[in-house]
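**Student:** Before anything else, here's the structure in question.
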Ligand code: NOJ
């Protein structure tokens, strides 16, 4: 068999947050058949594949990230036949399909956790999870000072007096990954979905599975709003060396399938580890293929900050021979069109950011609604669903604002998301009428048309593949500029032009001398083929002469 095509090296993948993508029914919650029905949108958008967030059996305490049966579909989202149909249809469009693996914790409704509760302290059933006696005279104090990512203590006490660990909500007890049955069960899950034909996995909380086995106190648990980079404040909970052998094992399984039929599958980690060198250890040649570059997602709107994030991630991943995996948004963070500023400024910056993202070497993940420039929605307090809202003592609004069901068409809610009479699970705001896919498809200046154009060019231009990035030193202050040389990538297109990407994060016009042709711009720019006048918060792609 020839060399397997590692299709992800320059792919653009699209995150489908299933609850909010498309509802084929009337219950106001997105589902698998809804995803199937909207594949033409993704095909037209020009992405290479999708990652679907968890659709497994779950009581939905964390909207599916609390899994009660990892090898079955929750009736809310459909059934296994609907998944198989979606996979077949996606493949017909040439789209890859990644599913989510949630190995750090299960739901408290998982049969293994129920059995552990029933069996009592000291039982072998309890060993699958992390049960401990408490401190204090009567064990009334938690075993250590760890806190949950969602707020409050990371321990919950059960009726017989023991405590169990949950790094997230109490409904999400952490597995004990030292237990061989936990390993075997997850390997069975990996094989189950590979047998169904998936093209890979996005893996939840890759840096969390193994804890310091002594469970010592952490020096300084983070306080305040939900924080994701936590390994410095909580060195005993995250990024333990023991996690790596788990991914080596999964890599072996995935390679086994790929060798068998010649179809390469990909493992993508959700690794919130700030140190780029520690992060790169997850994508060593025998572990995960990819891991998100969250340093860019968390970078402020500043050319200097972006340059640092991009440089660090490229350098660290290059050390282990992996590409950097770019992402600006997902269902856990504030949408870029609001994160980078309010109103028109935020949207302008989000458009510029997307164009720069799509000019970087290596895979890119888009989050649903990015292609529409959707803002973060201010979900009214009484409609909030994210457990973070209550767990934080109503201090943090939580993540609902990034999860509002997509607007597809029409002038009022549900905007084509559900059947007309349905009420979406989170309320959609008034202004969505101007942001629907239909409204944007016919507007040449829309974000949708911009993203479609960028993706078409990314496919067509050899320079925008996985080749090198060279920083330009002639960028004005507040600007980021880099070249993507086309040379050597495609031997049959020796004259393919290089591409230059310039992004301005300043609030004044910037003038640059770059002889060339205009390829694409996130907003109108002035260019006579030599002198480029870049307005504030704008990205431009040029083919230099
Ligand atoms: C990361 C997921 O993206 C998030 O939505 C979830 O709450 C946590 N992991 C816990 O599973």
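The values are calculated or read from the model by the stated rules, or taken from the named source; none is laboratory data. Being a predicted model, the structure only gives us computed values, none of them experimental. Cβ coordinates were reconstructed from backbone atoms using ideal geometry, including for glycine residues, and neighbour counts include every protein chain displayed.
**Student:** Which count do you get for residues in the range 185-227 that are closer than 20 Å to residue 272 by Cα and part of a helix (DSSP H, G or I)?
**Tutor:** Going through the range 185-227 one residue at a time, the tally reaches 0.
**Student:** Which helices (runs of 4 or more DSSP H) sit wholly inside the range 247-324 and have at least 3 residues that are under 21 Å from residue 480 (Cα atoms) and within 22 Å of the chain's Cα centre (by Cα)?
**Tutor:** 294-297, 303-319
**Student:** In addition: Would you confirm whether any residue within the range 371-384 is surrounded by 19 or more Cβ atoms within 10 Å (Cβ to Cβ), in a helix (DSSP H, G or I) and within 18 Å of the chain's Cα centre (by Cα)?
**Tutor:** Yes: the range 371-384 contains one or more residues that are surrounded by 19 or more Cβ atoms within 10 Å (Cβ to Cβ), in a helix (DSSP H, G or I) and within 18 Å of the chain's Cα centre (by Cα).
**Student:** Residue by residue through the range 527-545, note down the ones that are within 35 Å of the chain's Cα centre (by Cα) and assigned to a strand (DSSP E or B).
**Tutor:** 532, 533, 534, 538, 539, 540, 541, 542, 543, 544
**Student:** Same structure, new question: Mind checking which residues of the range 143-167 are over 14 Å from residue 113 (Cβ atoms), modelled with pLDDT of 95 or more and within 13 Å of the ligand (Cβ to nearest atom)?
**Tutor:** 154, 167, listed by residue number.
**Student:** Same structure, new question: Is it the case, given these coordinates, that residue 214 is surrounded by 16 or more Cβ atoms within 10 Å (Cβ to Cβ), assigned by TED's automatic domain parsing to the domain that holds residue 292 and modelled with pLDDT of 95 or more?
**Tutor:** So residue 214 does not fit the description; no.
**Student:** Still on this structure: Return yes or no: is residue 258 out of contact with any helix residue (DSSP H, G or I) (no Cβ under 9 Å at 6 or more places or on another chain), within 26 Å of residue 143 (Cβ to Cβ) and in contact (Cβ under 8 Å) with a residue 12 or more places away in the chain?
**Tutor:** Criteria not met by residue 258.
**Student:** Check whether at least one residue in the range 139-149 is assigned to a loop (DSSP other than H, G, I, E, B) and in contact with a helix residue (DSSP H, G or I) (Cβ under 8 Å, 6 or more places away or on another chain), and report yes or no.
**Tutor:** Scanning the range 139-149 turns up at least one residue that is assigned to a loop (DSSP other than H, G, I, E, B) and in contact with a helix residue (DSSP H, G or I) (Cβ under 8 Å, 6 or more places away or on another chain).
**Student:** Could you tell me whether any residue of the range 387-397 is crowded, with 21+ Cβ neighbours inside 10 Å and within 16 Å of the ligand (Cβ to nearest atom)?
**Tutor:** Yes, there is a match, as at least one residue in the range 387-397 is crowded, with 21+ Cβ neighbours inside 10 Å and within 16 Å of the ligand (Cβ to nearest atom).
**Student:** Something else: Could you pull out the residue among 195, 185, 174 that is within 21 Å of residue 71 (Cβ to Cβ) and in contact with a strand residue (DSSP E or B) (Cβ under 6 Å, 6 or more places away or on another chain)?
**Tutor:** 174
**Student:** Let me ask another. With respect to residue 134, is the statement that it is more than 23 Å from residue 398 (Cα to Cα), surrounded by 14 or more Cβ atoms within 10 Å (Cβ to Cβ) and away from the ligand (no atom under 16 Å from the Cβ) true?
**Tutor:** The answer is yes for residue 134.
**Student:** Step by step: first the residues of the range 168-184, then only those that are part of a helix (DSSP H, G or I) and in contact (Cβ under 8 Å) with a residue 40 or more places away in the chain, then the one that is nearest to the ligand (Cβ to nearest atom). Which residue is that?
**Tutor:** Going through the qualifying residues, I end up with 182.
**Student:** In addition: Within 20 Å of the chain's Cα centre (by Cα) and more than 15 Å from the ligand (Cβ to nearest atom): which single residue out of 210, 198, 205 fits that description?
**Tutor:** 198
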